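The values are calculated or read from the model by the stated rules, or taken from the named source; none is laboratory data. Treat the numbers as computed from the prediction; the structure is a model and nothing was measured. A quick note on method: Cβ atoms are made from the backbone with ideal geometry, for glycine too, and the neighbour counts reach across all protein chains shown. Areas reflect the complete protein model, heavy atoms only, side chains present, ligands, DNA and RNA absent. Shrake-Rupley method; radii C 1.70, N 1.55, O 1.52, S 1.80 Å.
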Amino acid sequence: MLFLQELCMHNKKTMYLKDFEIRWSDVDANRHLANSAYVNFMSHTRMSRLINLGFDHKTMLENSVGPVMFYEHIYYFKEVFPGKPIKVSMEIMGMSDDGKFFEFHHNFYDHKGKNFAHCEMMGAWMDLKTRKLTALPDDLLKLFENVEKAENFRRLTKEDTRKYTRVPKDLA
């Protein structure tokens with residue numbers, strides 16, 4: 001536990017941590033944390049962080065914006081099982097000047113502070129009326145501009161979002 005406290009103190013300005021209990025429904029047939037649970041825990045952590053910044057569902061609705069995901073790359077280091085709490089972190093690793101694109105990283109820690117998984121995700125904001133990618137309105141952009149960023153934070157460009165581009169291949 002001391003390790004996790006030191007980690008949080010070192011990264012307290014950049015790392016947001018959320019506690020979770022592994023529920024029965026979070027476990028797969030192998031009796032360890034299921035892939036879908038990782039995705040759900042990360043999503044919950046992101047929304048919790050956004051809400052803490054004042055960027056809640058009501059704000060998104062009023063501004064007609066919503067997040068879209070380009071990719072989530074999860075790296076699994078060790079199995080984790082029910083019975084002990086876990087922590088999921090979120091760090092803002094990158095953002096475009098207009099706020100349209102963002103990159104977040106998540107780390108998963110067991111009850112002893114051991115890192116058992118890592119995720120790199122990239123996404124953008126979509127205008128919910130036009131269904132097109134959009135820059136953040138100025139007041140929402142200020143929320144992101146004023147929040148602490150990761151040590152390796154970088155300004156994103158459209159080209160950064162194309163790093164893992166794939167082209168759909170239809171059946172017909």
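Close amide H contacts of L156 (hydrogens built in the peptide plane, cut-off under 5 Å, sequence separation of 5 or more or a different chain): M95, S96, D97. Rg/Rh for the stretch 76-172 (Cα atoms only, Rh after Kirkwood) is 1.07.
For the cross-link pairs K142/K163; K18/K163; K58/K78; K112/K158; K84/K163; K114/K149, which exceed 31 Å when the distance is taken from alpha carbon to alpha carbon? Display every interim value, and only then the final one.
Details: K142/K163 27 Å; K18/K163 29 Å; K58/K78 38 Å; K112/K158 39 Å; K84/K163 37 Å; K114/K149 23 Å.
Violating the 31 Å Cα-Cα cut-off are K58/K78; K112/K158; K84/K163.
Label sites at E79 and E21, each approximated as a point 7 angstrom past Cα along Cα to Cβ, lie 2.3 nm apart.
Whole number please: convex hull volume per residue, Cα atoms of the stretch 16-96, in Å³.
Values: hull volume 10.3 nm³, N = 81.
Convex hull volume per residue, Cα atoms: 127 Å³.
In the stretch 42-85, which chymotrypsin sites (Phe, Trp or Tyr not before Pro) fall in coil by DSSP and have 15 or fewer other Cβ atoms within 10 Å? Passing sites in the stretch 42-85 are F77.
Helix 2-11 axis versus longest C-alpha principal axis of the chain: approximately 20°, rounded to the nearest ten. Rolling a 1.4 Å probe over the protein heavy atoms gives the stretch 47-172 an accessible area of 58 Å² per residue.
Taken over the chain, the percentage of Cα pairs per 10 Å bin, counting from 0 up to the bin with the maximum distance, is 9, 35, 33, 19, 3, 0.
Estimated from helices alone, the mean residue ellipticity of the chain at 222 nm is -7500 deg cm²/dmol (sum of -39500 (n - 2.57) over DSSP H runs with n ≥ 4, per residue). Split the accessible area of the chain by element, probe 1.4 Å, and carbon with sulfur accounts for 53%. Of the three principal axes defined by the Cα atoms of the stretch 117-172, the extents in descending order read 48, 35, 23 Å.
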